[in-house]
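Scroll down for the structure; my scribbles are underneath it.
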Amino acid sequence: MPTFGHMREIVTTDHAALLALWLRTPGIQVRDEDAYAPFCAYLARNPGLSLLIEADGQPIACLMAGHDGRRGYLQHLLVDEAWRGRGLATRLLDEALRRLAVLGIHKSHVFVLRDAPDALAFWRGRGGWGERQDIEVFSTRAVGA
Ligand SMILES: CC(C)(COP(=O)(O)OP(=O)(O)OC[C@H]1O[C@@H](n2cnc3c(N)ncnc32)[C@H](O)[C@@H]1OP(=O)(O)O)[C@@H](O)C(=O)NCCC(=O)NCCS
């Protein structure tokens, strides 16, 4: 019997299927940190916060979530193209924010690429999310990395 819409926590054995999903989804930037070892380290550091939704045992939507003890950070929110517009991203987001709140994290950030129109439309439509006009993001890498 096919199943659709089951949400569960991401585990390390999901890496290959999720990497394939990330790689085929425009708007998602795959980086060194998406390799297997850092993926596992991220899950271990942020247990129970990253989630996926399955159809027939395959991930069709996901969200990586973590925090630094003060703010939550959301990454790789995506829904496979055929499954968009059914509220799956909203379900993942609501559940991750609920889990962060249980840990005492009541404010979260997401960084959205300026050339990701679907993502921008989604976030601009979210009640309770403010698009920051007062912050520019600067990034660096550790020396030698
Ligand atoms: C952004 C994304 C995750 C939305 O997934 P989704 O499952 O379609 O989202 P939902 O069905 O939960 O939509 C929630 C709301 O956003 C709106 N929305 C979603 N995509 C939209 C779009 N492209 N344009 C306008 N509104 C959009 C929906 O209409 C819905 O509004 P409603 O709550 O008023 O009905 C999906 O488009 C995606 O995977 N994009 C590519 C990856 C990406 O860029 N991810 C973001 C990284 S920050």
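The values are calculated or read from the model by the stated rules, or taken from the named source; none is laboratory data. Everything numeric in this text was worked out from a predicted model, so none of it was measured. Neighbour counts are summed over all protein chains in view; Cβ atoms, including those assigned to glycine, are modelled from backbone coordinates with ideal geometry. What goes into the accessible areas is simple: the full protein's heavy atoms, side chains included, and nothing from ligands, DNA or RNA. Shrake-Rupley method; radii C 1.70, N 1.55, O 1.52, S 1.80 Å.
Condition first: more than 8 Å from the ligand (Cβ to nearest atom), out of contact with any Leu (no Cβ under 9 Å at 6 or more places or on another chain), open to solvent by less than 70 Å² (accessible area, probe 1.4 Å) and assigned to a helix (DSSP H, G or I). Now tell me which residues in segment 88-115 satisfy that.
A101
Any residue in segment 116-131 that is within 19 Å of R98 (Cβ to Cβ) sitting within a Cβ distance under 7 Å of a residue that is part of a helix (DSSP H, G or I) and open to solvent by less than 50 Å² (accessible area, probe 1.4 Å)? List the pairs, counting only those 6 or more apart or interchain.
Listed by first residue and then by second, the contacts come to F122/A89; W129/W123.
Based on this model, can you work out whether D118 counts as within 13 Å of the ligand (Cβ to nearest atom), open to solvent by 30 Å² or more (accessible area, probe 1.4 Å), at pLDDT below 95 and not in a loop (DSSP other than H, G, I, E, B)? Spell out how you get there, then give the answer.
Working: within 13 Å of the ligand (Cβ to nearest atom): yes; open to solvent by 30 Å² or more (accessible area, probe 1.4 Å): yes; at pLDDT below 95: yes; not in a loop (DSSP other than H, G, I, E, B): yes.
Yes: the conditions hold for D118.
Any idea which of (1) of a type in the set (G, A, S); (2) surrounded by fewer than 19 Cβ atoms within 10 Å (Cβ to Cβ); (3) under 15 Å from the mean Cα position of the chain (by Cα) is the one A37 doesn't satisfy?
Evaluating A37 over (1) of a type in the set (G, A, S); (2) surrounded by fewer than 19 Cβ atoms within 10 Å (Cβ to Cβ); (3) under 15 Å from the mean Cα position of the chain (by Cα) leaves (3) as the failure.
Considering only segment 59-80, I want to know if a residue exists there that is more than 11 Å from the ligand (Cβ to nearest atom) and within 13 Å of F4 (Cβ to Cβ).
The answer is yes, given that some residue of segment 59-80 is more than 11 Å from the ligand (Cβ to nearest atom) and within 13 Å of F4 (Cβ to Cβ).
Within segment 27-47, track down each residue that is part of a loop (DSSP other than H, G, I, E, B) and either within 15 Å of the ligand (Cβ to nearest atom) or under 15 Å from L93 (Cα atoms) (or both).
If the condition is that a residue be part of a loop (DSSP other than H, G, I, E, B) and either within 15 Å of the ligand (Cβ to nearest atom) or under 15 Å from L93 (Cα atoms) (or both), then G27, I28, Q29, V30, R31 are the ones that fit.
Here are some conditions: (1) surrounded by 12 or more Cβ atoms within 10 Å (Cβ to Cβ); (2) within 13 Å of the ligand (Cβ to nearest atom). R24 meets all but one. Which one does it not meet?
Only one criterion is unmet by R24, namely (1).
What pairs come up if the first residue lies in segment 59-73 and is among the β-branched types (V, I, T), the second is surrounded by fewer than 20 Cβ atoms within 10 Å (Cβ to Cβ), and their beta carbons are under 8 Å apart, counting only those six or more places apart or on different chains?
Hits for this filter: I60/E54; I60/D80; I60/A82; I60/W83.
Which of the residues spanning segment 121-145 are surrounded by 10 or more Cβ atoms within 10 Å (Cβ to Cβ) and assigned to a loop (DSSP other than H, G, I, E, B)?
Those that are surrounded by 10 or more Cβ atoms within 10 Å (Cβ to Cβ) and assigned to a loop (DSSP other than H, G, I, E, B): R126, W129.
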